[in-house]
Structure formats: C-alpha cells, structure tokens
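Below is one structure, written out as structure tokens; the observations come after it.
None of the figures in this text is laboratory data; all of them are computed from the coordinates on show. Note that this is a predicted model, so its numbers are computed, not measured. All Cβ positions, glycine included, derive from the backbone under ideal geometry; neighbour counts span all protein chains shown.
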Amino acid sequence: MERKRILVVDDDKDCLQLVKDFLESKNHEIITALEGETAIAKAKTIKPDLIIMDIMMPIMDGITALQKLKENPLTSGIPVIMLTSKDKDEDVLAGYKYGAEYYITKPFDLKQMMLGINLMLFPKTGNKK
C-alpha cells in the first residue's frame, strides 16, 4: 500500500500515541498536534494527505479548526476524519456540516478507523466489495 502522510490531532496523548503507532505500523508517515491551532499551521506547511482530528481540545477545538481548514484554499482539499467522544446526533451533523468527510466516535475500533482512512486515501480501492 502506498505510504501517505497523515496529521493526527488530539490532546489525549494516549489516544494520539495509539493512532500514531497503529498507522506507522501500516507504513504511513505520521505528524501529530495537540490542538487545532497547531494543526492548522502544520497542515499549511506539511500538506498532509489526511487529517484525523478530535473535537474537544484546548486553545482551538476541532470544529473551529475544521472550519478554518476548509475555508483556506491551501488546506480545503485535505480530507478530515473527526475522531471524538462527541457522539450525539447534533455533534455528528456539525462535523459533516463544517466539512468533515468521515466521523468516528470514541471508543473506536481500529478496523473502523482503517476503513475510514482507506475510503479517504484510496477511494477507488477502499470501498471495493
């Protein structure tokens, strides 16, 4: 499988490390950020293939960061997966409303996360039956 650059954003260091280790084991290059403002700065300079982002974070939450990413021409085309414990219908709908391409609630299954990643990064093969 082709190596991709993925930006993982979460203030929960244990979750961040779990996702990072798992995706590195799948041969992807992982960049991390602990909150939204840093994520936006890194996305502009690094231009990742995909962003996986939590919603509840200090300084700038994930929804605000998502809006700013989708409004900026430099980052608007980067697919974003929200990975969060916010599981109410209105939270999920807000994620999609502001531009998330996929939404996963915590606790999550690594297989489900990988399915979402494959759908975003490999659309022609990720959704083969």
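Observations, loosely collected:
- Loop-located chymotrypsin sites (Phe, Trp or Tyr not before Pro) in the stretch 22-129 (DSSP state not H, G, I, E or B) with no more than 16 neighbouring Cβ atoms inside 10 Å: Phe108.
- Cα centre as origin, Lys/Arg/Asp/Glu Cβ charges: the chain dipole, Debye: 660
- Descending semi-axes in Å of the chain, equivalent ellipsoid built from Cα gyration tensor: 19, 16, 15
- Integer Hz, Karplus 6.51/-1.76/1.60 couplings in order for the stretch 10-18, x for Gly and Pro: 6, 7, 7, 5, 5, 5, 4, 5, 4
- Taking 0.36 nm per residue of separation and subtracting the current Cα-Cα distance, fully stretching the chain between Glu2 and Glu101 would add 33.6 nm.
- J(HN,Hα) series, the stretch 106-111, from Karplus relation 6.51 cos²θ - 1.76 cosθ + 1.60, nearest Hz, glycine and proline x: 8, x, 10, 9, 4, 5
- Sum of side-chain charges, Phe22 neighbourhood, beta-carbon under 12 Å (Lys, Arg +1; Asp, Glu -1): 0
- GNM result for the chain, Cα springs below 10 Å: residue of Thr84, Thr64, Thr75 fluctuating most strongly: Thr64
- Computed FRET value (nearest 0.05) for Leu119 with Gln17, which takes r as the C-beta separation and R₀ as 22 Å: 0.35
- Linear extension gain, Glu29 paired with Gln112, 0.36 nm per residue minus alpha-carbon span: 27.9 nm
- Under 11 Å, Cβ to Cβ, from Asp49 - net charge with Lys/Arg +1 and Asp/Glu -1: +2
- From least to most packed, judged by other beta carbons within 10 angstrom and beginning with the fewest, Ser25, Ser85 follow the order Ser25, Ser85.
- Residue pairs, from the table Lys13/Lys68; Lys13/Lys106; Lys4/Lys42; Lys68/Lys88; Lys20/Lys88, whose Cα atoms sit over 21 Å apart: Lys13/Lys68; Lys68/Lys88; Lys20/Lys88
- When the Gaussian network model of the chain links Cα atoms closer than 10 Å, the mean-square fluctuations of Lys88, Lys68, Lys47 top out at Lys88.
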